[in-house]
Each structure stands twice: as C-alpha cells, then as structure tokens.
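Colleague: Dropping the structure in here first, questions after.
What follows draws every value from the coordinates through simple rules; no lab data is involved. Here the structure is a predicted model, which means the values were calculated and not measured. Neighbour counts are summed over all protein chains in view; Cβ atoms, including those assigned to glycine, are modelled from backbone coordinates with ideal geometry.
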Amino acid sequence: MLKDPFIEQVEEYFTTDGILARAFPQFETREDQAQMARLVAESFIYDTISIIEAGTGVGKSFAYLVPAALYAAYKGEPVVISTKTLNLQDQLVNSDIPFLAKCFPFPLRAVLVKGWSNYVCIRKLNHISRHKGAVPSHMEDEILDIVQLHKQKKLESKSDLPYIPKDEIWKHVMAENDMCLSPRCPFFSECPFHRARARMADSHILVVNHAFLSTDLAMRREDETLALLPSISRVIIDEAHHLEEVATDYLGVTLEGGDLAGLMALLYRQEGKDNEQGFLPNLRREILRSNIQSLEKEAMKAAIDQGIIVGMMSLNDAWDGFFSQLSNVVPGGKDRVTAELKGSDSWQDLLKSKDRLSSILTRLASTFGSLREELNSISSEQYEEASDRAFEIHRMGNRFLRMKNNLEILCAAEDEEFIFWVEAESREIKYRRLRAVPLNVAAQLEQYLFRPAKTAVLTSATLTVGRSFDFIKSRTGLSEFKDDRLSEEILQSSFDYDDQAELFIPSDFPFPDHEDYSRKLGEILPEIFEMTKGRCFVLFTSYSLLKEMAGRVSLSMAGSDIRVLVQGDKDRSQLLEEFKTGKGSVLFGTDSYWEGVDVRGDALSCVIITRLPFRVPSDPVVEARVESIKRAGGDPFWQLAVPQAVLKLKQGFGRLIRSKEDRGIVVILDRRIISRGYGELFLKSLPECPRHIGKWERIKGRISRFFAENPVEDGRG
C-alpha cells in the first residue's frame, strides 16, 4: 500500500539527515521518536484515536508537535494540545514550539489558551478608576496598582503582573463570562479575553491544560454555544494519565462557604457611617441622578433597598447558619453523603437550614428579575446605562439562582451517577463545602470528547499496567472504541536502564502496618544518606509520616553536612532549586513530588519509595468507586487500587533517570512488592534494570558498592 504523502512529509523531519537534523546540528535522531511521529500523523490522516506510552527520553513533544503543526497549517484545522502541568505547558509554548517554528515553511501560529479568570476586564478597570469606593477600601491601593499597570503597559492577564495577586484582589478586576457584555461593551475591541479568542481562531496550535479542557467539555454538555474552544476535533492529550482525575473535578458541582463573600462585597458594602459602596449603592445613585420619572425612581430605589439589600442581609445570616451546621455534620475532614448520613439528626437539621437558605436565594433571584424588567422599560434618554445595568442585574440574579440550584442538588444527593460528600477543613465558614463529582467520567469523556473528535492522541510515560492499556481505556471511555478506530503502542525509553539504574528491595524490612515500621525507617534512611552523600528524593504517601521522619532524621543527622529539605517548609520551586544547587541535600516529599519533577545530573542519585502508593481507601471518591465496582460484580482491588498504584509507582521511579548521563538507584522499602501476589505486576511495570532483593545488611553492601563504582563529588557547588 502506498504511504500517504503527509506521513512521508512528517518522516522527513526525523531522519538522520532530515529537516530537524539539518536545522539543528545538535538534534539527535531517535527511532522511537520517529515512530511516534508516524503514529500521530496516521491518526490525523485516518481519523483515529491513538494511545501511546512514550518512555522518558523519547522526545514525545517534538513527535506530536511536528505532525500537529503540519496538519493544522495545510488542512486549516486547529489542533488542541492539552497538558496537566504548567511546567509542560511552559515548555511547549516558550521552548519547543518556538524551536520547531524555525523548521516549518510557513509561520507557525500557536497560542496558550487561558480561561476567563486569567484576563483583566477593562470595563471593570475603567469603572474602578472613575468611581471612588468601587472596591473595598482595604484593597483599594493594591487594586489601583493593577489599574495603573494596565494604563502603563496594557496589562492583559494575571501572568503579566510582576507578582502573584491574592485571589480576593484579582476577583475585582478579572473577566467573567457571566458578566461580559460582549459586543455591547464599549471596550470590546480592546478586550484581552476576546482578543485572545480571535487569536485562537487564527492559530494552528492551541495549548490548554486539562482543567480548561474539562471546563470546555462541561460547557458543551450544558450548551454547545457556551464552549470556550472553537473546536476539539483534533486533540492531543499529553500527561494523559491525569485526564480522569482532572475531568472528575471539573465535571462536578461545588458549593463552599467562601462563595458568597466575594459576591456580597461586589454588590454592597458598608464602609463606615453613611458610606455605602458597591454595585447596588452605585446603581441607586445613578438612578436618582437620571431623568427617570419620580415614581419609577422610588419604586426602583425600594427594590434595591428593601428588596435586595435587606434580602442580602438575611441571606448572609442564613448562609453562615447553613455552613456552620456543616461542622455538626462533619467536624473535620471529608464524609461521603450516604443513606446513613442523610438519616442522621445532624443532616436533618442541615436540611432545615437549607430550606431557609434556598427560600431566600429564590426570593433574591426573583427581585433581581423584577428590577431587570423595570430597567429594561427605561429609555436611554431617561437613563443612558439602563440597558447595561439591566444586563448586569440579570447576570447577578442568575448567580443567586445557580447557588440555589447547586444547593438543592448537593443536599438532595440523589443522583446515583454522582459522588456526594461534605468537607470541613476547619471551623471557619470559608473552609466548609459540599461537593459532587461524577462516579465515572468515562461515559462523559467518550460522549463529549472522543466520540466527536476526528483525531485524538493520548500520551504519557505512564499509561500501561503490566504492559496493558486496559486500565486507562476503561477509565477514559476508550474501551468503547473498536480496533479499527483505536490503536495502541508502547515506545520504550531511550535511556539504558540496565546500565544506568539499579533497584534495591530489602526483604527483611517490616511491613508498613507493623509497629516497628516507622522506627526502622528512621534508622535506615540516615544509613542510605551516608552512602549516597545525600542526593536523595524520599517519596511518601502520608504527610504525617513524612513530618515524623523529617524530625527524626534531622535530629540523627544534626552533625552531618547533609541537608534535609522538607515539603511544606518552602515553596516547591524554591525547595527544588535548593536541592539542585545545594551540597548533598535530601528532599522529603509527598504526592506532588512523585511526578513532574526533573532533576538531572549528580544532584539526584537515589529515589527512596517508602510505601507502595495505594490511595487512601476512605477518600469519598475512592470509596464510592470501590462500591460501584463491587455492585457490578468486579474486584475493586485489582480493577482500581492496584492499577492506580502501579501508575503512581512508575512515576516515582521515573524521577531518577532524566538524561543519558544520569546514574542512580531506587530503593523500595515496602516488602509487599515481593511478598504479595500483586507485587509481580508492580515489578513487571517498572523499567528493566538490575534488581537486588535480600536482607538489609546484604542490600546495604550492594548500595555501597554501587556508589564506590560510580563515584561523584561530595555534593554539588
């Protein structure tokens, strides 16, 4: 069969004397990278879905960017590329795409697509600069600084600021989809969000994150016209092992204690005696200054004062009462809303608070609606801004209506396709919330993402469990697709793990649930650190164990040159920088350090896995999905717990070797991996490298020998 010309064109970029090699002498030809590029090109040409596990070092971003850019340019169809982490997003937008753009015979247009809340609203900025007291007085200086920066530099988005603003500050200046006047806005032509949308329509590559993609899917599910992206017919999902988790979060419903405060501050604030500020007092003043007839003025003033402002005071009390009641339902942590919880006295009391709150929200939404109708009946000659204010009143009323609808859904907790739970992180109102997320997002991903897409490519270094894609397919809706539409490929890492890495598993180490486990762990970690001269990541599944071990190890190594860095003590990027540049450091980390961390060279020569990364079974989402699998006659341990833990372990292992020059060891201090039946699946899923299993004294000697044969300087300057 003749090869498609487009596929041949893509291949020309990756040959030994190909376009990339000629453009960049330092470019290294990799067969696995070329193969991945061919697979992606085939997905574009034949309208298929591809799942590609590409091991670390394959160079997967180039492998999908080249065919994506060529296809988008020649066929006129934009390609959406979605990632989980900001690090990869930045790499694509600021490094990989500009690098590759030099190789194409056309000007490559790529754009980083961000959501509404990332952009400033010029109408808001203009209103703040014209009206004293438009924002809370204690925030005014910081907000006016943003207004001034926009005037000086035409500030467009949050990332343009030289600092990260507080959320409570940014809310007063950010763009919001439900408050946008669109073409009616006097600043529409210069609106940063709509200018970005226009750039999207003219771009080849649209880079988004999974959160944005999931939000877009949620809007498409509600109403196709609300979609944020112009099209998702051609989509590449990098870091695809995170897709289910992120989609679960963003396809759900949340109501939290802090939701009301921002809206209240926007609408009405009492800042000292006889000093009312906010949208409603400003609206009242505008109406009283207008040419509206006196009777209508008084009617609208009464609607604002007696209807809305008084109603909001009642709402505030009812809101606080409801969320205070949540602490009686769940004093702390998370509890799933089950039939047993719904039958409790505390839940029944919560429902009474809910009924009062729901009634007030309904009345408020109705009053906003009536005021909107009155404003719509006013001519522009009588009140120039009447139409715009009517629109804003309508959207604000809708916010209260959405709160009421979400409240009813979350308190009813009846939809069997959703998982409902209550959180109370502290006694403070703003840290309590009700949540509902889909029990299974596979059907929604299939219906709203993969079924409409002509091309979809899912890739990551960790997609298989025991060299099978069955788990990731079952969790993302791809199990429904037949072989003629779906292709699978495993591309090995370009790293020589057999030469670069070794795995050590002490067989006499206590099981994690044994009373001696933490004591033994506190003894063995310093021994390893002495042999490795620091240069270790220690990965935990429990923050409490991390803190305990950090305290013990810091005391036992007080006289050592080895520095102990602990997650939570500083910002993640600061800790990583200190680890890379410090002399012989060790870093203790939990969840966020198992992946997305790239430390090359001698700074990192050892990764210690303290426990196999099984998820906490009491988590509401895990608990509900376990029950669902049981009801279907399945085995949740093998169908959910083990595959999730295997993928996480692969990510943790992957922190060690990040370049062809790296060498080091992985130590797993959980003997379940060699003594339980499921351990074989974990080991089978890890890269092939020399493995040492035995008693600690023997393992210790082997580790010492490894570093004697692979000496490095004592730390890094």
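Colleague: Per-residue ellipticity at 222 nm for the chain, helices alone: DSSP H runs ≥ 4 residues times -39500 (n - 2.57), over residue total, nearest 500 deg cm²/dmol?
Modeller: After summing the helix terms and dividing by the residues of the chain, the value is -14000 deg cm²/dmol.
Colleague: In degrees, nearest 10, range 0 to 90: what is the angle between the Cα axis of helix 620-631 and the longest Cα principal axis of the chain?
Modeller: So the inclination is approximately 70 degrees.
Colleague: Compute the signed sum of charges (Lys and Arg +1, Asp and Glu -1) over the other residues within less than 14 Å, Cβ to Cβ, of GLU697.
Modeller: Overall, the nearby charge balance is +3.
Colleague: Further, regarding this structure: Residue by residue through segment 179-195, which ³J(HN,Hα) values in whole Hz follow from phi under the Karplus form 6.51 cos²θ - 1.76 cosθ + 1.60 (θ = phi - 60°), with glycine and proline marked x?
Modeller: Coupling constants for segment 179-195: 10, 7, 7, 6, x, 6, 6, x, 10, 4, 5, 10, 5, x, 5, 6, 5 Hz.
Colleague: Moving to a separate point now. Before anything else, pin down the relative contact order of the chain: Cα pairs under 8 Å, at least 6 apart, normalised by residue count, whole percent.
Modeller: Reported as a whole number, the value is 16 percent.
Colleague: Now a separate question. So, counting K/R as plus one and D/E as minus one, what does the shell of residues with Cβ under 15 Å around GLN567 add up to?
Modeller: Result for the local shell: -2.
Colleague: While we're on this one: Would you give the gap between the C-alpha center of segment 432-498 and the C-alpha center of segment 260-299, rounded to a whole Å?
Modeller: 52 Å
Colleague: Sort 359-371, 205-217 by the packing proxy (mean of other Cβ within 10 Å over each peptide's residues), most packed first.
Modeller: So the order, starting with the most tightly packed, is 205-217, 359-371.
Colleague: Mind pulling the angle between the C-alpha long axis of helix 60-75 and the longest principal axis of the chain? Nearest 10 degrees, somewhere in 0 to 90.
Modeller: For helix 60-75, the angle is close to 50 degrees.
Colleague: Rounded to whole Å, give me the distance from the Cα center of segment 1-61 to that of segment 624-690.
Modeller: 30 Å
Colleague: Compute the helix-to-body angle for 572-581: its Cα long axis versus the longest principal axis of the chain, expressed 0 to 90° and rounded to tens.
Modeller: 30 degrees
Colleague: To the nearest 20 Debye, how big is the dipole of the chain about its Cα centre, given +1 on the beta carbon of each Lys and Arg and -1 on that of each Asp and Glu?
Modeller: Value, rounded to 20: 660 debye.
Colleague: Further, regarding this structure: Could you tell me the relative contact order of segment 1-71? Use alpha-carbon pairs under 8 Å, at least six residues apart, and round to a whole percent.
Modeller: Computed value for segment 1-71: 32 percent relative contact order.
Colleague: Could you order the peptides 381-392, 431-442 from most to least packed, using the average number of other C-beta atoms within 10 Å per residue?
Modeller: Top to bottom by mean Cβ count within 10 Å: 431-442, 381-392.
Colleague: For segment 322-445, what number results from the quotient of the Cα radius of gyration and 2.2 N^0.38 Å?
Modeller: Against the compact-globule rule of thumb, the ratio is 1.37.
Colleague: Starting from the coordinates of the alpha-carbon atoms of segment 582-717, obtain the Kirkwood hydrodynamic radius over all distinct pairs and give the value in Å to one decimal.
Modeller: Result for segment 582-717 stands at 16.9 Å.
Colleague: State the antiparallel share, in %, of DSSP beta bridges confined to the chain, rounding to the nearest 5.
Modeller: So the antiparallel bridges amount to about 30 percent of the total.
Colleague: Right, here's the next one. Quick test of your reading: applying the under-4.7 Å Cβ rule, which cysteines of the chain are isolated?
Modeller: CYS103, CYS121, CYS180, CYS185, CYS191, CYS411, CYS689
Colleague: Calculate I(q)/I(0) for segment 148-274 by the Debye formula, one identical point scatterer on each C-alpha and no solvent, and give its log10 at q = 0.14, 0.21, 0.22 Å⁻¹ to two decimals.
Modeller: -0.90, -1.54, -1.54
Colleague: Rg over Rh of segment 377-428, using C-alpha atoms and the Kirkwood radius, what does it come to?
Modeller: Answer for segment 377-428: 1.30.
Colleague: Over segment 149-196, one equal point on each Cα, no solvent: what is log10 I(q)/I(0) by the Debye formula at q = 0.21, 0.24, 0.29 Å⁻¹?
Modeller: -0.84, -1.05, -1.27
Colleague: What is the sum of charges around GLU527, taking Lys and Arg as +1, Asp and Glu as -1, for the other residues whose C-beta is under 12 Å from the C-beta of GLU527?
Modeller: That works out to -1.
Colleague: Report, ordered by chain and residue number, the lysines lying within cross-link reach of LYS570, taken as a straight Cα distance under 25 Å and ignoring same-chain residues fewer than 8 apart.
Modeller: Qualifying lysines at Cα under 25 Å: LYS84, LYS158, LYS166, LYS430, LYS533, LYS547, LYS580, LYS583, LYS648.
Colleague: What are the principal axis extents of the Cα atoms in segment 13-57, in Å, biggest first?
Modeller: For segment 13-57, the Cα extents along the three principal axes come out at 34, 24, 11 Å.
Colleague: In percent, how large is the relative contact order of segment 581-717, given Cα pairs closer than 8 Å and 6 or more residues apart?
Modeller: 38 percent
Colleague: What's the ranking of 644-650, 604-610, 308-314 by average number of surrounding C-beta atoms within 10 Å, highest first?
Modeller: Per-residue Cβ counts within 10 Å, averaged per peptide and sorted highest first, yield 604-610, 644-650, 308-314.
Colleague: How compact is the chain by the rule of thumb for globular proteins, expressed as Cα Rg over 2.2 N^0.38 Å?
Modeller: Normalised Cα radius of gyration, the chain: 1.07.
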